[in-house]
Amino acid sequence: MTNKNNSLGWKFIDNDSTFVLNNPQKSSYLYFPLVNEAGMMSAITPTLHGDIKTSQNTFLMAPVSSEDLHNSRAARNFWVHIEGEGAWSATGNSSKQLSYNFNDEEDEEVNLEAGFLWHKVTRSNKRIGIQAELTSFVPANDDQVELLKVTLTNTGDQNITISPTAAIPLYARSADDIRDHRHVTSLLHRIFTSSYGIEVQPTLSFDERGHKINHVTYSVLGADQNGESPTGFFPIVEDFIGEGGNLDWPEVIVKNAEPHAKPGETFEGYESVGALKFNTATLEPNQSKSYIVALMITDDRPSSVNEIAKKYCSEEQFDVLLEQNKADWKNKLNNLSFQTSDNDFNQWMKWVTLQPILRRIYGCSFLPHHDYGKGGRGWRDLWQDCLALLIMDDPKKVKDLLYNNFAGVRIDGSNATIIGSEPGEFVADRNNIARVWMDHGAWPFLTTQLYINQSGDIEFLLENQTYFKDTQIKRSKDLDLEWNPEHGNQLQTENSDTYQGTILEHMLLQNIVQFFNVGKHNNIKLEGADWNDAFDLAPELGESVAFTALYASNLKEMSELLLSLQEKAGVDELQLAKEITILLDTISKPIDYDVVEEKLNLLDQYFETCSHKISGEKTSISIKELAADLNSKADWMINHLRQNEWIKNEEGFEWFNGYYNNDAEPVEGDHENGVRMTLTGQVFPVMGGVATEDQVKKIADSVTNYLKDEKIGYRLNSQFGEIQQNIGRGFGFAFGHKENGAMFSHMAVMYSNAMYQRQFGHEGFDVINSIYELSKNFELSRIYPGVPEYISEKGRGMYHYLTGSASWLLLTVLTEMFGVKGHLGDLALEPKLLQNQFNEQNEASVFSYFANRHLNIVYKNKKGLDYGAYQIQSISLDGQEVAFESKQKAVIVSREVISQLTENENHTLEVVLG
Ligand code: G1P
């Protein structure tokens, strides 16, 4: 990684990945997350815009999409009326100050400093002689509160007299009400003032839950540094702004009006603002004064709001909570860090490490680009986010989550698509649309395999779990009208008992059903879509060759895992639902895999046996025979793909066709509008060993030629040149954006992972390096450190923070680039670091967590060799030589060796390369 320092962009200033950015307000669309485990979820911009909420139905500030960040005036504001000067906004949100962004004569100096997870903006105006420092964070405790401290300093040489007013618009209701009775729902507002602030408690909630009594209360409370309460309030928006005014130029501020309300008053039926006016104060030169503001969401009106105000609105307490918050996040991120020659990369990766935690809390909702989300989590994302959680902490802590998720699998191999926040809470679909994503069945195996490899807990495969049941049957091609929703969401046996099968049985079904579920060209049907949600218009004749490759490798690896299960757990026979034997045709009644109809008929036969209930009878199957059945299926698929889907175009490039469209035509290859190619179509054949080594080389060349773009990196697809009504809505997007040819980080990282897995270390590195360079090129990407969902045609980083690519990036850097991974519980090491990634001492290291021990794994490359030229020569643990075993290109250190180490201490594993 090159060490280009971009003076326009952010810079890391310490070893805790704290960064600074000058003039952050001059970049639009920037936002930063503030959050805690209690579910307070905020987004904050350099002008303290954004929103604050705990769910789709409980927004303290009005929900914002990315465009609202500059168009809406409803930002957190902190006004200062300065004698002789007039209104000045400490956050920069005044009509006057906004014009400064394009006016160099009266510039304000604005700097941002941010870390895990706090946000500080300093704004100063030399002419006036005032500086404001605004620090925001969400404390790491059980409350749903965001805190803001504003410190005003007189930077001039004359006394200044200030009258400050905190002003945070209190939307106080469900996001749905923005376009559904916004005015009518303001009539529900009951507004209360008390000594320290304003509470809004709507009487009812009008949203999709019906018209229910509401208790949730939204408050803005504040005090100065001495704990002194505000002098009064302006609780109603229309009175605050005045006729003809607005939130960027409110009449009461401009005119320095007397407060409209004192403590103990009630107002009804208006849009509200948490406007708290503080006493007028005079600041001598260099003198500062601080104010603390708490923005809270509580289940009800607190019995003693003054007590809460005292708890939060104190400078001392603010500082204590801020330090606690920093320590808490540091602790959360402590288990993983990388040391390469590029310190910026090392620190940037810390921000990537944060991202899976953010996705766990926010889901794919609640940050400004994610305005479609309503909370809850999608099936695919859930499983992939677990990948990162498994390497960041004790995998056993994630086990329950995995176990519970399996209860979302249907007996036809499909699954519920949305997962609620409680274990075992599933919904068929957010919009009640019967839709099956054909890739969903493939992810649980990858995650479970990682769990087993990291923990050694192979017996997890034998634990019993229920199946999800609703009206959808035969992969949503039919309805079970006999099913009675009142009987719950679990599959029953003929005797009306709840049916349970092993975790292994669940995964078998997810993968084997797909083996038979093929289209005209004998690849797996695309159904509702695959990983690419925007390939959603080919449900009849579409096929995903890409995911056929992933299912093929899953079947192969599952067959190997079964043999390990036999060896490690001494199990020779497995109990499976009797009905499943139909699908194990090599054991029961072989069919001809080349004939599509035979596959589909067999699948229909199976579906008929379990459409309403299942017999409940189990059959004993030998592990060996089962493994052989899976292996023969996988081999058939691999041969089929190699023989039928490998294409060569007129320019002589070769790669895999990844899809068939709804007219059953291959999607990739030469076309009159230009060569058509997808990255997804290449990733899975490479990753799963479907592509031969020679094919991998050719794929790498074709990808470089058709998909790599100097400016935006590895594109998701080439330019198709027209909308594709027979593939999906994605082609309606402009080329170079989102799922149509952007650098879509998730697939690009998986491409890197696949290349590394196949020993193409330089290619793997090049992809990660390009994502990193694009993301940190602030002049174009305009995002804070971290990986965005995609890089647009202009080079802008989009949908920052909440992206599955972060999990894959972390996984790839740890398990492929550094080559540190579990192997059935043992530790496998297979570094693929390039020579320039080692530092001046020829070392590169990763601090990681394995077998509940903190290990600093240091690779010593004394001879300065490049990847491919070095091998592991010796290993020592805390100075003692350790024995290891070689397995293909990796070396294995037994788990026992690591488990003997003391817990809660750091240990050094030195690995000499030569
Ligand atoms: C998003 C979705 C992911 C989907 C992808 C492509 O990617 O979360 O499920 O597969 O779009 O449609 P992400 O933002 O996670 O990178």
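The values are calculated or read from the model by the stated rules, or taken from the named source; none is laboratory data. All of these numbers come straight from a predicted model, not from anything done at the bench. Neighbour counts are summed over all protein chains in view; Cβ atoms, including those assigned to glycine, are modelled from backbone coordinates with ideal geometry. Heavy atoms of the whole protein, side chains included, go into the accessibility calculation; ligands, DNA and RNA do not. Shrake-Rupley method; radii C 1.70, N 1.55, O 1.52, S 1.80 Å.
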Report summary line: FRET efficiency (residue 396, residue 284; Cβ distance; R0 51 Å; to 0.05) is 0.30
Query raised in the report: Ranked highest first by the average count of other Cβ atoms within 10 Å around their residues, in what order do 93-103, 35-45 fall?
Result: 35-45, 93-103
Report summary line: The FRET efficiency for residue 486 and residue 157, from their Cβ-Cβ distance with R0 = 56 Å and rounded to 0.05, is 0.15
Report summary line: Counting only DSSP beta bridges with both partners in the chain, the antiparallel fraction in percent, to the nearest 5, comes to 95
Query raised in the report: Using Cα pairs under 8 angstrom and six or more residues apart, how large is the relative contact order of the stretch 185-264, in percent?
Result: 29
Report task. On a C-alpha basis, how far is the centre of the stretch 438-467 from the centre of the stretch 133-153 in Å? Whole number, if you could? Result -> 41
Report summary line: Rounded to the nearest 10 Å², the 1.4 Å probe accessible area of residue 466 is 10
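How high is the relative contact order of the chain, in percent, counting Cα pairs under 8 Å that sit 6 or more residues apart? Intermediate results must be reported in sequence, preceding the final value.
Working: 2092 pairs, mean separation 89.7, N = 914.
Once normalised by length, the contact order is 10 percent.
When ligands, DNA and RNA are left out and all protein chains stay put, how many square angstrom of accessible area per residue does the chain have with a 1.4 Å probe?
Numbers: 33610 Å² over 914 residues.
Per residue, the chain has an accessible area of 37 Å².
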Query raised in the report: Remind me, what semi-axes does the stretch 676-817 give for its equivalent ellipsoid, largest first in whole Å, using sqrt of 5 times each Cα gyration tensor eigenvalue?
Result: 22, 20, 12
Report task. Quick one: give the max-minus-min coordinate of the C-alpha atoms of the stretch 415-504 along each principal axis, largest first, in Å. Result -> 43, 31, 25
Report summary line: At the level of C-alpha centres, the distance separating the stretch 678-751 and the stretch 849-914, in angstrom, is 36
Query raised in the report: Starting at 0 and stepping by 10 Å, how many percent of the alpha carbon pairs of the stretch 581-657 end up in each bin?
Result: 15, 35, 28, 14, 6, 1
Report task. Sequence neighbours fewer than 8 away in the same chain don't count; with that in mind, list the lysines whose C-alpha is under 22 Å from residue 821. Result -> 332, 350, 396, 397, 399, 556, 568, 832, 860, 887, 889
Report summary line: At q = 0.14, 0.22 1/Å the base-10 log of I(q)/I(0) from the Debye formula over the alpha-carbon atoms of the stretch 460-515 is -0.44, -0.98
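Between residue 107 and residue 15, 0.36 nm times their residue separation minus their Cα-Cα distance comes to what? Mind dumping the intermediate values first?
Working: separation 92, 0.36 × 92 = 33.12 nm, distance 3.16 nm.
Answer, rounded to one decimal: 30.0 nm.
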Query raised in the report: Helix 343-362 sits at what angle to the longest principal axis of the chain, using alpha carbons and giving 0 to 90 degrees rounded to 10?
Result: 90
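How big is the Kirkwood radius of the chain, worked out from every pair of different alpha carbons and given in Å to one decimal? Mind dumping the intermediate values first?
On the way: mean 1/r = 0.0338 Å⁻¹.
So the Kirkwood estimate lands at 29.6 Å.
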Report task. Would you work out what percent of the accessible area of the chain, with all protein chains in place, is carbon or sulfur (probe 1.4 Å)? Result -> 44
Query - Selection from 781, 705, 688 lying farthest towards where the dipole of the chain points positive, charges on Cβ - result: 781
Query raised in the report: Helix-derived [θ] at 222 nm for the chain: sum -39500 (n - 2.57) over DSSP H runs of at least 4, divide by residue count, nearest 500?
Result: -8500 deg cm²/dmol
**Report entry** Under 21 Å from residue 711, Cα to Cα: lysines that are on another chain or at least 8 residues apart
**Finding:** 4, 738, 776, 794
**Report entry** Along each principal axis, Cα extent of the stretch 50-105, largest first, Å
**Finding:** 43, 25, 10
Report summary line: The rounded separation in angstrom of the Cα centers of the stretch 752-827 and the stretch 329-359 is 12
**Report entry** Computed FRET value (nearest 0.05) for residue 697 with residue 572, which takes r as the C-beta separation and R₀ as 35 Å
**Finding:** 0.25
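Counting residues in the stretch 107-246 as N, plug N into 2.2 N^0.38 Å and put the Cα Rg over that result. The partial results should precede the final answer.
On the way: Rg = 18.4 Å, N = 140, 2.2 N^0.38 = 14.4 Å.
Dividing the Cα Rg of the stretch 107-246 by 2.2 N^0.38 Å gives 1.28.
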Report summary line: Cα-Cα pairs in the stretch 1-132 separated by more than 21 Å, as a whole percent of all pairs, come to 47
Requested in this report: Using every Cα-Cα pair within the stretch 777-883, state what percent have a distance larger than 23 Å.
Outcome: 44
Query raised in the report: Got the relative contact order for the stretch 833-914 handy, in percent, Cα pairs under 8 Å and 6 or more residues apart?
Result: 39
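Once Rh for the stretch 354-480 is found with the Kirkwood sum over Cα pairs, what is the Stokes-Einstein diffusion coefficient at 10 °C and 1.306 mPa s, in µm²/s? Mind showing how you got there, number by number?
Working: Rh = 15.3 Å.
Diffusion coefficient, whole number: 104 µm²/s.
Could you size up the charge dipole of the chain around its Cα centre, putting +1 on the beta carbon of Lys and Arg and -1 on that of Asp and Glu, and report it in debye to the nearest 20?
Details: 79 positive and 128 negative charges, 179 e Å.
The calculated dipole for the chain is roughly 860 debye.
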Report summary line: To the nearest 10 degrees, the tilt of helix 745-757 (Cα long axis) against the first principal axis of the alpha carbons of the chain is 40
